[in-house]
Structures are given as C-alpha cells and as structure tokens.
Amino acid sequence: VKPNKKSANAISILGTNVGDAYDFYWKGREKFILLDEESLEEAIPLLKKAIELDPTYSDAYATLAETYQRLYDFRNFTGDRIGAEKMKIFGLEAATKAIELNPNSATANRVLSFYYFYMDPDFEKSKLHAQKAVDLDPKDAEAAIRLFVIKARENKKLLSPDNKDLLSIHELNPNLISTNYYLGLSYKLAGNYAKAIEQYQKILEISPKTISIYADI
C-alpha cells in the first residue's frame with residue numbers, strides 16, 4: 001500500500017521531500033516487485049527519474065541497485081555475459097551511492113549483502129551487511145532470508161523444511177519469491193518433491209514471467 005505524502009519537512013517514511021521524486025520512485029517500485037525481466041527494465045527509467053529529481057534519494061538508489069541485481073540473474077540465465085557484467089557494475093554503483101547517502105538503510109545494506117554473496121563473493125562482508133539490514137528492520141523478510149542463506153552456507157543442515165527460523169522468515173512474507181524459493185529448495189533437499197513443486201508454483205503465481213523457476217520445477 002502506497003503511504004500518503006507527508007509534509008515537506010518530514011522524510012522518515014517517504015525518504016524524500018520531493019513529491020514528484022517519490023511518485024516516480026513508487027511507480028518504479030511497483031514495476032520492480034513484479035520481478036520479471038520486462039517489468040525490471042521498465043523500472044529503471046522511473047527510478048532514475050526519481051534520482052534526477054532528488055539526487056539524495058537513498059531509497060531510490062537502493063531499489064535501482066536491486067533492480068540491476070535481479071536483471072543480472074536474467075542476463076546470466078540467458079547467457080548474456082556482457083549484459084550480466086554491466087548489471088553487476090551498475091548495481092554496485094547504485095548500492096554504494098545508496099549507503100553513502102544513508103548508512104542506516106536496511107535496503108542498501110541488503111543489496112550490498114546480495115552483491116557480496118553472488119556477484120563478488122566476500123561472505124564476511126555479505127554477512128555483515130545482511131546482519132545490519134536485519135538489525136535495522138527485523139520485519140524485512142528479504143534481509144532475513146539473505147542472512148539465513150549465508151548461515152546455511154556455513155551449516156548446510158540449516159536448510160531443512162523443519163527449521164523454525166526458515167519457517168518464521170517465510171511467515172514474515174509468504175508472497176516473496178526468495179522465501180518461497182528457499183523453502184522449496186529445503187523440501188527438494190529433503191526429498192519431498194511434491195512440496196518443493198508447490199513452493200515453486202507459488203513463485204509463478206507471484207511473478208508468472210520468472211522463467212528461471214521452470215528449470216527448478
């Protein structure tokens with residue numbers, strides 16, 4: 001649900017004093033949350049417009065960084081290595097700017113955790129940023145699942161459908177692609193393929209154009 005606009009001297013919720021910047025940010029975010037390639041491409045100019053209107057808009061930079069990161073996955077999936085490398089570079093630039101503007105942004109810390117886990121592996125940095133994101137916003141399911149995945153890398157036994165932490169994170173946001181993916185993966189590793197497929201099918205309900213999930217199914 002889109003929050004109401006606040007007065008010009010209050011930015012704690014909206015992240016900007018520029019109403020038009022917020023409107024473009026929100027339109028970009030609406031595209032981003034669909035998480036298919038076409039929608040992510042459409043989010044970029046909207047988020048860039050928000051940044052043009054307010055160059056200090058940390059949330060817009062952070063969401064732009066996350067958009068590039070998601071497109072990195074699509075480029076890799078289709079074998080576009082040059083395109084993937086561009087998304088990696090653009091994503092790091094935007095995430096770095098976001099955290100420079102607001103070191104206490106849960107989103108900025110989360111996207112940097114993602115970068116250091118998948119794109120330029122440094123698992124200590126990834127864990128540090130994920131933990132900070134969770135500390136800043138304990139209800140951020142994306143940050144929580146990121147921290148959980150890092151811990152599961154260190155202890156593979158954690159990736160179990162009986163793991164209470166994993167189930168709690170899924171309950172934080174059962175309509176998130178990542179929480180459904182890792183719960184599905186835990187079922188797959190446990191040999192419960194019917195439940196794994198059930199979780200993967202939920203991802204297609206959330207984002208029908210997420211073609212990579214068909215390979216998992």
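Taking Gly184, is it in a loop (DSSP other than H, G, I, E, B), without any contact (Cβ under 8 Å) to a residue 60 or more places away in the chain and either more than 23 Å from Glu30 (Cα to Cα) or of a type in the set (Ser, Thr, Tyr) (or both)? For Gly184, the condition - in a loop (DSSP other than H, G, I, E, B), without any contact (Cβ under 8 Å) to a residue 60 or more places away in the chain and either more than 23 Å from Glu30 (Cα to Cα) or of a type in the set (Ser, Thr, Tyr) (or both) - is not met. Only helices (runs of 4 or more DSSP H) whose full extent lies in the range 54-129 are considered here, and the ones with at least 1 residues that are open to solvent by 50 Å² or more (accessible area, probe 1.4 Å) and modelled with pLDDT under 95 are 58-77, 81-101. Number of residues in the range 140-157 that are closer than 17 Å to Tyr187 by Cα and either open to solvent by 20 Å² or more (accessible area, probe 1.4 Å) or not in a helix (DSSP H, G or I) (or both) equals 4. Only a single criterion out of (1) in contact with a helix residue (DSSP H, G or I) (Cβ under 6 Å, 6 or more places away or on another chain); (2) surrounded by fewer than 17 Cβ atoms within 10 Å (Cβ to Cβ); (3) closer than 19 Å to Asp73 by Cα is not satisfied by Ser160, namely (3).
Among the residues of the range 175-188, none is identified as modelled with pLDDT under 95 and over 16 Å from Glu142 (Cα atoms). Against the list (1) touching a residue at least 12 places away in the same chain (Cβ under 8 Å); (2) under 17 Å from Ile211 (Cβ atoms), the condition Asp80 fails is (1). Every condition in (1) outside any loop (DSSP other than H, G, I, E, B); (2) over 12 Å from the mean Cα position of the chain (by Cα); (3) not basic (Lys, Arg) holds for Ser178 except the one numbered (2). Pairing residues of the range 191-217 that are free of Cβ contacts under 8 Å to residues at least 60 places away in the same chain and farther than 13 Å from Ile33 by Cα with residues that are open to solvent by 50 Å² or more (accessible area, probe 1.4 Å) and basic (Lys, Arg), at Cβ distances under 6 Å and at least 6 apart in sequence or on separate chains, gives Ala196/Lys188.
Scanning the range 99-109 finds one or more residues that are polar (S, T, N, Q) and touching a Lys or Arg at 6+ places or on another chain (Cβ under 9 Å). Looking across Gly15, Gly28, one residue alone is of a type in the set (Gly, Ala, Ser), open to solvent by less than 50 Å² (accessible area, probe 1.4 Å) and either assigned to a loop (DSSP other than H, G, I, E, B) or modelled with pLDDT under 90 (or both). It is Gly15.
The values are calculated or read from the model by the stated rules, or taken from the named source; none is laboratory data. Quantities reported herein were computed from a predicted structural model and do not represent experimental measurements. FYI the Cβ positions are ideal-geometry reconstructions off the backbone, even for glycines, and counts take in every protein chain you see. Note: accessible area is taken over every heavy atom of the protein model, side chains too, but ligands, DNA and RNA are not part of it. Shrake-Rupley method; radii C 1.70, N 1.55, O 1.52, S 1.80 Å.
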